[in-house]
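> There's a structure below that I have some questions on.
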Amino acid sequence: MTSFLDRIRAAAPIASRYGGSKFRKPTDALVADLEAALSPGQVRADGAQRALLSHDASLFDGGVAGPVCFPTTGEEVQAVVTVALRHNRAIVPRGAGTGLAGGAIPFGAPVVISLTRMNRILEVDVENRVAWVEPGVVNLDLTKHLKRIGFHFAPDPSSQQVCTIGGNVATNSGGPHCLAYGVTDAHVLAVEIVLASGEKAMLGSIGPQDEGLDLRGAFIGSEGTLGVATKVAVRLTKNPPAVKTLLLSFASVRAAANTVSAVIAAGIVPAAMEVMDQRITIAVENFVKAGYPVDAAAVLLAEVEGLADGVKIEAEQISAIGTQNGATEVRLAQSEAERELLWKGRKTAFGAVAQIKPDYYLHDTVVPRSALADVLEEIYKIADRHQLIVMNVFHAGDGNLHPLLLFDRRIEGELDRVHAAGAEIVEASLAAGGVLSGEHGIGIEKQDYMDRLFTSDDLDHQNRLRNAFDPSCRTNPGKVLPMAHSCADIQALRSVPAGVWG
Amino acid sequence: MDLKIDPEELNACVQCGLCLPHCPTFRVTGDEAMSPRGRIKLMREVQDAGAPLTKEVLRSFDTCVQCRGCETACPSGVQYGHLMEATRETLAAKGKVTPRWQRAALMALNRPRMLRAGSAALAIANKFGLVPARLGLPANMPVRQAPLKTSGHDVYLFTGCVMDAWQRSIHAAAQRVVEAAGYGVEPTGALAPCCGALHMHAGLAKTTRKFARAMIASLPDRPILVDSAGCGAAMKDYGHLLGTPEAAAFSARVFDIQEWLAPNLARLPVSEPLDVRVAIQDPCHLRHVQQVHLATREALAPFVSELLELDDEGLCCGAGGAFSVLEPELAQDIRARKLTSIERVDPDYVASANPGCALHLASSGVPTIHPMELIDAAINNTPLPAK
Ligand SMILES: Cc1cc2nc3c(=O)[nH]c(=O)nc-3n(C[C@H](O)[C@H](O)[C@H](O)COP(=O)(O)OP(=O)(O)OC[C@H]3O[C@@H](n4cnc5c(N)ncnc54)[C@H](O)[C@@H]3O)c2cc1C
Ligand code: SF4
Ligand code: SF4
């Protein structure tokens, strides 16, 4: 099995694997046609711009972007796609570029469609609890906008201050509060998309019943391989009348994990339950100064919401269960400001690790809640064996682990150890009955793991679905499906190693 | 090309993108090249991977307001200010940024008499409508101003360059407030003509170091109060800039005037709060650099009937020292966002502790005021400027 890290080490060979080394610089004719379809200010083909949009927040280094377009309407997206088609170029949609699986990384110098300028909130219909938004609207901006009328958009990935609704739809994002509310799929009613042919289509509907196939469901999580989302109807969630946030400290990670299982076993479904170990807590506290206990081996951030009386009872129950399981301190956030600061800490955790080492490799596995404590213990042992620093911060409520292995890519051999430890962590999760599920998407990172999750038949069917949307495999080629199962992607890819502008 | 950025500091960014929404130029363009993550990436490509310094790369660096909103937003503690200062210094030394006319203009800042004469001429031209509006000069620029007088030697009041020439009335208000708290004030005037902040931004760090050494020698012992956030930030950085114990000790004596006043409020006479709704605009150099913006609220609260918060988490207003003059279009787009935030709270006044921000906002019709002018009005019954 080739892993993501093998690919990083072999960035250049990968590029050639994708179809030879013919350098597809954006041709003048392509750029001129794009400029004619949009306006000169909306097309960028310089080397610096292309180098930047060859990356997202993942570690992957082998992308090569072609010209970058900044459409402002669905019609402009259609125009861009049509020009790309005419020039036989692939397209790659891109939101804020915070993806961790490399989904927005362009292969073969495609036309990159940056949706950051399509960031209008088009319509808010409180009565029907739905809002139409453009794909470039930032997740948190939408929630802030809705706050005035007492609503929010429920999926709250930790990157919510920057990631876009289009990116959320494309990766079917989750977040701490998805424990109670469900992930993006449960909060998107309809999506208007532009297909690879340049045609528009509306998937799903805001009406009560949906007729025929659930194409909306097929599109959500498709990581840009089925088309470009140009308009999204999102469900509005009412802000709860009361919220309580508890911070529990523990003398061991095991005690924190056991508390999480016990809370769920007691029939309580908190809005969120997040655990951070001591190392990550120290890094986070250093940034947010929210009063996180830096001497605890683990902290559990739990939130309950609903009617005031119920919330009070549930908070007391969680506090009691925590104490039974050895919590050394239980703190209740006293104000909205304190609550926000605690969450800010949790949500910036991945970023904060660079205080310790400049690179991190993040795994994203799900294990049964009852196995949480054992798997975590195993993860620490694995990291120790490989002389690596591992940090754990995870969506404890649904058993979604995010072990972060820290390294410095400049240190010889460190990456190899990260790679070896990573593979063992994955094995340990699978052995405990877990899955390689990713709220972060498959992108290129997990592409080669797909075989382990799906049978060959499954994958062929997924490919046929893709074909139905995009027969010539022009939208975001080289992603999600393993190469052996994806249609004509390889033909759409021509690439060279990056490095030089121009 | 070696941009002379500390490799460890440059390597600290994990490219997570959490800083993007806090960057004013990314907010208005959606362009990665105009974002902190993009700028850092380009610095790496140029310094570590030998990529050429094309005009697009220079444009990316040039359009940075140096507001450092990205720095307070970064969970990894990336010292963006250091990265950009090193980059600008290296590029300026090679003549790649800050053309000669800009350097000449900057040199005038340290020459009070020349600056005053020039300013008077400008003020007259402005009165006759001869100055383009995009320069954002105050509508009622004073042609002649009463000098500030020393009332004692407890504290210095730093008066600086452009601000003293254009907005001396703010210094006068600040001085009256500090005196009302029972302290004798010595305005620095010609003792310390300019802090060098704009030079630093333009990559002329050598000049700033020269100004810093001169100022440290001429302002010994006492606390130095600064009523311009940009100047205060620069002076608090002298310790880092010169790396000497004397410079560090000097920087430790520098206070933003609201920061200094907040713990001294009990010494001010009791007064009725003014019946005004005041929105606080946090200058970037107060909020993201000095990080003492909460003191402005503490200092103002007893003196006005209502304090209002803007909902943009301290996103830059686009003034950025000379930025609004050098990049007028971007600056106006950025300002437009700030104006919508201001409209949402609909205040009587917008209090800004930085003259650059105040001018930039005022030139689009926002009723700006310095916090010291409000406190002065409350305790000394001086008239408030027209809204
Ligand atoms: C610090 C940090 C924390 C994170 N926390 C979480 C978390 O808690 N939960 C979680 O689920 N994820 C998390 N992520 C991952 C990431 O933020 C999400 O996947 C997010 O939804 C990506 O949005 P984006 O706008 O950045 O998309 P991009 O990264 O730009 O793109 C992601 C994918 O979506 C496709 N795409 C983007 N826009 C469109 C569109 N309009 N139409 C079609 N396809 C499109 C792209 O082609 C690509 O395949 C985190 C990332 C970081 C850096
Ligand atoms: S500067 Fe900080 S917040 Fe911005 S991308 Fe780098 S690490 Fe992330
Ligand atoms: S200093 Fe301001 S303008 Fe420059 S990159 Fe940081 S946030 Fe953007």
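> In degrees between 0 and 90, to the nearest 10, how far off the longest principal axis of chain A does helix A:456-469 point, with axes built from Cα atoms?
60
> Anything losing 50 Å² or more of accessible area from the isolated chain to the full protein assembly: pick those residues out of the stretch B:1-27, probe 1.4 Å, ligands and DNA/RNA ignored.
B:Asn11, B:Val14, B:Leu18, B:Arg27
> Next up: Given a 1.4 angstrom probe, I'd like the percentage of the accessible area of the stretch A:121-238 that is carbon and sulfur, rounded to a whole number. Don't jump to the answer; show the numbers that get you there.
Details: 2210 of 4270 Å².
Exposed carbon and sulfur together represent 52 percent of the surface.
> How many Å² of accessible area per residue for the stretch B:230-387, probe 1.4 Å? Before the final figure, lay out the partial values.
Numbers: 6200 Å² over 158 residues.
Spelled out: the 1.4 Å probe surface of the stretch B:230-387, per residue, equals 39 Å².
> Indicate the gyration tensor shape class of the stretch A:157-208 (rounded, prolate or oblate), computed on the Cα atoms with a ≥ b ≥ c the square roots of the eigenvalues: a/c under 1.5 is rounded; otherwise a/b larger than b/c is prolate and the rest oblate. Don't skip to the end; give the middle numbers.
Numbers: a/c = 3.38, a/b = 1.58, b/c = 2.14.
Since a/c reaches 1.5 but b/c is at least a/b, the shape of the stretch A:157-208 is classed as oblate.
> Please state, rounded to one decimal and in Å, the Kirkwood hydrodynamic radius that the stretch B:268-380 gives when every pair of distinct Cα atoms enters the mean of 1/r. Numbers along the way, then the final one.
On the way: mean 1/r = 0.0703 Å⁻¹.
About 14.2 Å for the stretch B:268-380.
> Take every DSSP beta bridge whose two residues both sit in the protein assembly as shown, then give the antiparallel share in percent to the nearest 5.
Numbers: 59 of 86 bridges.
In the protein assembly as shown, DSSP labels about 70 percent of beta bridges as antiparallel.
> Any chance you could give the angle, 0 to 90 degrees and rounded to 10, that helix A:74-86 forms with the longest Cα principal axis of chain A?
With both axes taken from Cα atoms, the answer is about 50 degrees.
> Related question: Under the Kirkwood approximation applied to all pairs of distinct alpha-carbon atoms, what is the hydrodynamic radius of chain A in Å? Present the calculation step by step, with values, prior to reporting the outcome.
On the way: mean 1/r = 0.0426 Å⁻¹.
About 23.5 Å for chain A.
> If you take the accessible area of A alone, add that of B alone, and subtract the area of the pair, what total do you get in Å², probe 1.4 Å, to the nearest 100? The partial results should precede the final answer.
Numbers: alone 19650 and 16750 Å², together 33540 Å².
Separately minus together, A and B give about 2900 Å² buried.
> In whole Hz, with x marking every Gly and Pro, tabulate ³J(HN,Hα) for the stretch A:239-256 from phi via Karplus 6.51 cos²θ - 1.76 cosθ + 1.60, θ = phi - 60°.
5, x, x, 9, 9, 10, 10, 10, 10, 10, 9, 9, 8, 8, 5, 4, 4, 5
> Quick one: in the stretch A:112-184, what % of C-alpha pairs are over 20 Å apart? All intermediate terms of the calculation are to be shown ahead of the outcome.
Details: 665 of 2628 pairs.
The proportion of pairs with Cα distances above 20 Å equals 25 percent.
> Now, a different point. Answer rounded, prolate or oblate for the protein assembly as shown, using the Cα gyration tensor with square roots of eigenvalues a ≥ b ≥ c: rounded when a/c is under 1.5, else prolate when a/b is larger than b/c, else oblate. Write out the running numbers ahead of the final one.
Details: a/c = 1.79, a/b = 1.46, b/c = 1.23.
Verdict is prolate for the protein assembly as shown.
> At what distance in nm do the modelled label points of A:Arg410 and B:Thr150 sit from each other, each positioned 7 Å from its Cα along Cα→Cβ?
Placing both labels 7 Å beyond Cα along the Cβ direction yields 5.0 nm.
> Could you tell me the calculated FRET efficiency between A:His461 and A:Arg86, based on Cβ-Cβ distance and R0 = 25 angstrom, to the nearest 0.05? Please report the intermediate quantities before stating the final value.
Details: r = 31 Å, r/R0 = 1.24.
Step by step, r from the Cβ atoms, then E = 0.20.
> Same structure, new question: Step through the residues of the stretch A:389-399 one at a time and calculate ³J(HN,Hα) from phi using the Karplus curve (6.51 cos²θ - 1.76 cosθ + 1.60, θ = phi - 60°), rounding each to whole Hz and writing x for Gly and Pro.
Listing the rounded values in order: 8, 10, 10, 10, 9, 8, 6, 5, x, 10, x Hz.
> Could I ask something else about it? Heavy-atom accessible area per residue, the stretch A:193-284, 1.4 Å probe: how many Å²? Write out the running numbers ahead of the final one.
Numbers: 3310 Å² over 92 residues.
Spelled out: the 1.4 Å probe surface of the stretch A:193-284, per residue, equals 36 Å².
> Can you give me the solvent accessible area of B:Thr25 with a 1.4 Å probe, rounded to the nearest 10 Å²?
Result for B:Thr25: roughly 0 Å² accessible.
> Over the Cα atoms of the stretch B:7-93, Rg to Rh with Kirkwood Rh, two decimal places? Before the final figure, lay out the partial values.
Values: Rg = 11.8 Å, Rh = 12.8 Å.
For the stretch B:7-93, the value is 0.92.
> Calculate the spin-label point distance for B:Glu298 paired with A:Ala320, positioning each point 7 Å from the Cα along the beta-carbon direction, and give it in nanometres.
Using points 7 Å along Cα→Cβ, the separation is 4.2 nm.
> So, one more: Would you tell me the accessible area of A:Thr73, worked out with a 1.4 angstrom probe on the heavy atoms of the protein chains, in Å² to the nearest 10?
40
> If I take R0 = 45 Å and measure r between the Cβ atoms of A:Leu122 and B:Ala386 in this structure, what FRET efficiency does the formula 1/(1 + (r/R0)^6) give, to the nearest 0.05? Could the numbers behind the result be given before it?
Details: r = 40 Å, r/R0 = 0.88.
Computed FRET efficiency for A:Leu122 and B:Ala386: 0.70.
> Check cross-link reach from B:Lys206 to the lysines: straight Cα distance under 18 Å, and skip same-chain residues fewer than eight apart.
Those lysines meeting the cut-off are B:Lys4, B:Lys94, B:Lys96, B:Lys236.
The values are calculated or read from the model by the stated rules, or taken from the named source; none is laboratory data. Quick caveat: nothing in here was measured; it's all calculated off a predicted structure. Here Cβ is always computed from backbone atoms with ideal geometry, including for glycine, and neighbour counts include all displayed protein chains. Surface accessibility is based on the protein's heavy atoms, side chains included, excluding ligands, DNA and RNA. Shrake-Rupley method; radii C 1.70, N 1.55, O 1.52, S 1.80 Å.
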